[in-house]
Structure formats: C-alpha cells, structure tokens
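For reference, the structure discussed in these notes is given below.
Readers should treat all values here as calculations from the given coordinates under stated rules, not as data from a laboratory. Computed from a prediction, not measured in an experiment: that's the story for all the values here. Neighbour counts run over all protein chains shown; Cβ positions are idealised from the backbone, glycine included.
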Amino acid sequence: KFALNMDDYRKEVRAYNVLYGRALEIRKFLVNLLELHSFPMRSRPSELFGSGLASIIDKKLQDELPDTHVDFLNTAYSGGVLIMELMDGDIRDMREIFCDNPSIQDEFFTFIEDARAAAEANYFVHQDLYDRNIAFKWIDKSKGLIQFKIMDLGFASIETNEENPNENGQVEAA
C-alpha cells in the first residue's frame with residue numbers, strides 16, 4: 001500500500017503498532033504488515049519506483065479515480081510504502097461468487113461478527129470499513145475455503161487506559 005503523505009503513513013503504522021503490541025486476538029483479522037519503507041522527503045514517483053512502474057501506477061489511478069486524479073507523475077511525496085501480506089483481492093472483486101455462494105456468505109458474516117467482537121474487546125474502531133478494505137485469500141478455491149482480512153488502518157482509533165490519551169480518551173492512530 002502506498003501512503004503518499006507522511007501523516008497518512010504515520011497513522012497507519014501507529015495503528016498497526018498499537019494493535020500488534022497489545023491486541024493479539026485481533027491480529028488474525030488484519031492483513032499482516034510485513035515491511036515498512038518511508039520515502040525520502042519530496043520524492044517524485046519516478047525516483048521512488050522507476051519511470052515504468054510510476055507510469056503503471058499513474059494509469060491505474062486515472063482508471064480508478066478519474067474525477068479526482070492528480071498529476072501523480074509530477075507531484076512530490078513524503079510518505080511511504082507498507083508491504084503487506086499478498087491477498088487475492090477485496091470483497092468487490094468477488095461480488096458474483098459471493099452472491100451465488102451461501103457458504104462463502106456464511107463464512108464472511110462469521111468473520112465480520114468475530115472481527116467486531118475482537119475489535120470491541122480491544123476498543124478498536126476502524127472508521128473506514130467498506131468493501132475495498134476487506135480482503136480475501138483463497139485457501140482452497142475448489143473447496144470454497146476462503147479467508148477474509150481487514151486492511152487499511154489509516155483512520156483507525158484505539159481507546160486505551162494509558163496515561164496520555166487525547167481529550168476523547170483515545171490514542172489516535174497517528
């Protein structure tokens with residue numbers, strides 16, 4: 001995942017660190033964070049990724065966000081890259097399979113209920129949960145065995161009983 005500004009990068013890293021540090025039972029519901037790499041300040045995409053990959057990313061952004069597309073290739077960024085567990089896609093990618101398969105629906109709703117219970121037990125609020133932030137991985141596609149995981153913790157907040165919470169009694173993922 002690319003975090004194209006340092007604030008977004010820090011928020012996501014902070015959320016993972018807090019959850020990994022104290023909420024062990026919630027880890028199984030999250031896409032695993034494998035590595036972190038911050039960008040040098042004010043880096044251009046061609047400097048970060050090479051001109052070929054930067055052009056591919058630019059094209060993908062234009063296709064997915066045509067109304068909000070920025071001049072990706074000529075903008076300087078100061079965020080980072082979060083390298084995460086490889087998943088097969090997100091819920092939107094499996095819409096047809098999902099709608100026609102009651103066992104996958106059951107698995108999904110069980111996952112949501114179990115993840116919700118673990119989140120509540122650990123005072124974790126995702127705050128941006130929608131189909132693009134729930135990933136899936138086929139364990140055995142021929143048998144319909146699938147695993148779901150939550151990703152993108154950039155807006156997450158985690159309540160705490162630590163000595164220095166914010167005015168709302170939360171440690172923000174910042």
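Structure notes:
- When both region 3-36 and region 76-154 are represented by their alpha-carbon centers, they are found 15 Å apart.
- Listed cross-link partners K28/K60; K1/K28; K11/K59; K28/K141; K11/K60 are compared with a 22 Å cut-off, the Cα-Cα value being larger for K28/K60; K11/K59; K11/K60.
- Top positive-direction residue, dipole computed over the chain with Cβ charges, set A118, N101, F148: F148
- Structure-derived volume of the Cα convex hull per residue in Å³: which label, when the choices are (1) 165; (2) 145; (3) 177: (2)
- Environment charge of D106, counting only residues whose C-beta is closer than 14 Å and scoring Lys/Arg +1, Asp/Glu -1: -4
- Charge tally around L129: other residues with Cβ under 15 Å, Lys/Arg +1 each, Asp/Glu -1 each, net -4.
- Under a Gaussian network description of the chain, with springs only between Cα atoms under 10 Å, the residue in Q105, Q127, Q62 that fluctuates furthest is Q62.
- Each helix, a run of at least 4 DSSP H residues, gives -39500 (n - 2.57); summed and divided by the residues of the chain, these come to -11000 deg cm²/dmol at 222 nm.
- Dipole axis of the chain (+1 Lys, Arg; -1 Asp, Glu on Cβ), positive-most option in L53, I158, G79: L53
- Charge context of L145, other residues only, Cβ under 14 angstrom, K/R +1, D/E -1: -1
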